[in-house]
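A short write-up of the structure that comes next.
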Amino acid sequence: MSNHPVGPFADKSSLCTWLNQFTHPWLQHEWADTPGIVQWQGGGQLSITLPFAASSVAGALADWIGDQQAKQRVSNLNVTISVRVAPLAAGGKSPLKGVKNLLVVSSAKGGVGKSTTAVNLALGLKALGARVGLLDADIYGPSVPMMLGAADEKPSSPDGKMMSPVEAHGLYTNSVGYLVPAENATVWRGPMASKALSQIVNETLWPDLDYLVVDMPPGTGDIQLTMAQQMPVTGAVVITTPQDLALADAIKGVNMFHKVNIPVLGVVENMSYHVCSACGHHEPIFGTGGAEKMARDYAIPLLAQLPLHIQIRQDIDQGLPTVAASPDSEQAKAYVELAGRVASRLYWHGQPVAEQISIKTL
C-alpha cells in the first residue's frame, strides 16, 4: 500500500499543508496537522474525521476540496469527510457511562434565560451532527420537561433499577421534574438534593452520547459543588445578561469553576438586545458592553450575544424550543452558531482520551 498522496502532493505533510489552506472560525490554525484528523489510506483514499460537532464545517470543507481539486487538477483523490466527537479528559475523573463529554451551563443567578439557552444549545449541538443528552440539574425548580413539551412524560425502567431517558425533539433527557408531580414543592435539604442529583446522573441509561448538556440551578451552592466535584465535567458555559447585577453573579460562577479546576469555555450574554417584533429594531434595554468587559478581564471568550425576542419566549412556552420549531430563523441560527463555538473550543482546549468500548455479555 502506497503512503504517498497522488497529484501534486509528495507526502502526507504536503497534503496537510494543502488542507490547512481551508480556514473556518471553528478550526484552529494548521488544523490538518492535528493527530487523528487526517488519515491517508493509500490508493487515493483520504479520510478526514472532525472530532467535534461540526457537520456544517464538514460540508464547507467538502465544497472547498471539490473546488480545489478542479482548479489544481488533483487526480485519483477520493475524500471521505465525517464527524466523530472525541471524548475529552475531565480532571482525572472517570467518565460517566454512556457519555463522552459532560458540559454544564451555569448562571449563578436566576432570571437570565439559562435554561432556555441550555435547551437550545443542546438542540444546536444535535443540529451539528452530535448525539446529545440534556440533564435538568435544578432539583428545586425543574423547567426542562415543560420547555421540551414533555411535562407529562415519565422515565421507564427496564430492570427496576436504572432509568431510560425521556426522548424529546431528538434529545435524551432526564429531570426530577419527570419524577415529582409539577404541583408538588421539592422541600429537601442540601445533602438530600445533592444525593437526588447524583442518583439521576448515575442511574440513567445514557445511550452513548457525544455531549450531555447539564442545565444547572442558579447559584453556587450544594448542587453546583456536587456536580463540579463529583462528576466528570469537561467544560462550563456561563450565562449572563448585560446588567451589572447579573454580571456580578456571573463572575462568582466563573471563580467557582476556576476553584474546582473546571475549564470555563466562555460567557454568553443573553438578552443582549431587544428585537422589536413590529419593525425589527435592535435596542440594548439592559445596557451594553458588560459581558465584553467581563470576558476581557477574565481572559475568557465572549461566545455569543443572544437577543431578547418574543419568538424565543413563545416557542419555549409551547414546548417547542426555537432551534426545533424554526430551524431556519435568525434566532435558531444564533444558537447553532453558539453550539459550534462551544463544541470547537471544548475540543481544541481539551485533552482527548481513548474511547470506552461497551461490551455486552450474552
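The values are calculated or read from the model by the stated rules, or taken from the named source; none is laboratory data. Given the structure is predicted, the values throughout are model-derived calculations rather than measurements. Please note: Cβ atoms are built from the backbone with ideal geometry, for glycine as well, and neighbour counts cover all protein chains shown. Calculation scope for accessible area: heavy atoms of the full protein, side chains included, ligands and nucleic acids excluded. Shrake-Rupley method; radii C 1.70, N 1.55, O 1.52, S 1.80 Å.
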Taking R0 as 45 Å, what's the FRET efficiency between residue 293 and residue 313 from their Cβ-Cβ distance, rounded to 0.05?
-> 0.95
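Kindly flag which residue pairs out of 161/195; 93/259; 126/195 have an alpha-carbon separation exceeding 22 Å in this structure.
Long pairs (Cα-Cα over 22 Å): 126/195.
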Suppose R0 equals 30 Å; then what is the FRET efficiency for residue 198 and residue 153 from their Cβ-Cβ distance, rounded to the nearest 0.05?
-> 0.85
Viscosity 1.002 mPa s, 20 °C: Kirkwood-radius Stokes-Einstein D of region 208-247 over Cα pairs, µm²/s | 177
Angle between the chain longest axis and helix 244-259 axis [Cα atoms, degrees, rounded to 10] | 70
The chain - percent of accessible surface contributed by carbon and sulfur, probe 1.4 Å | 50
Solvent-accessible area per residue for region 109-198 (1.4 angstrom probe, square angstrom) | 43
For residue 209, residues with placed amide H under 5 Å, excluding near neighbours = 99, 100
Given the convex hull over the Cα atoms of the chain, what projected area results after averaging over all orientations, in nm²?
-> 21.3
What does the helix-only formula give at 222 nm for the chain: each DSSP H stretch with n ≥ 4 adding -39500 (n - 2.57), the total divided by the residues, and the result rounded to the nearest 500 deg cm²/dmol?
-> -10500 deg cm²/dmol
Under 26 Å Cα-Cα from residue 12, which lysines qualify once same-chain neighbours fewer than 8 residues away are excluded?
-> 71
Over the chain, what relative contact order in percent results from Cα pairs under 8 Å that are six or more residues apart?
-> 20
Angle in degrees between helix 190-202 and the longest Cα principal axis of the chain, rounded to the nearest 10 = 30
Tally Lys/Arg at +1 and Asp/Glu at -1 over every other residue whose Cβ is under 14 Å from the Cβ of residue 104; what's the total?
-> -1
3J(HN,Hα) from dihedral phi, region 303-318, Karplus parametrisation 6.51/-1.76/1.60, rounded to Hz, x for glycine, proline = 6, 6, 10, 8, x, 9, 9, 4, 5, 4, 5, 5, 4, 5, 5, 8
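Among DSSP beta bridges whose residues both lie in region 233-327, state the antiparallel percentage, nearest 5. Please report the intermediate quantities before stating the final value.
Working: 2 of 12 bridges.
Antiparallel bridges make up about 15 percent of those DSSP assigns within region 233-327.
Of the DSSP beta bridges with both residues in the chain, give the percent that are antiparallel, rounding to the nearest 5.
20
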Which aspartates and glutamates have a Cα less than 13 Å from the Cα of residue 293, not counting those fewer than 8 places away in the same chain?
-> 244, 269
What whole number of Å gives the distance from the Cα centroid of region 208-230 to the Cα centroid of region 81-137?
-> 10
Can you give the longest stretch of the chain with no exposed loop site, where a site means trypsin sites (Lys or Arg not before Pro) in a DSSP loop (not H, G, I, E or B) with at most 11 other C-beta atoms within 10 Å?
-> 190-359
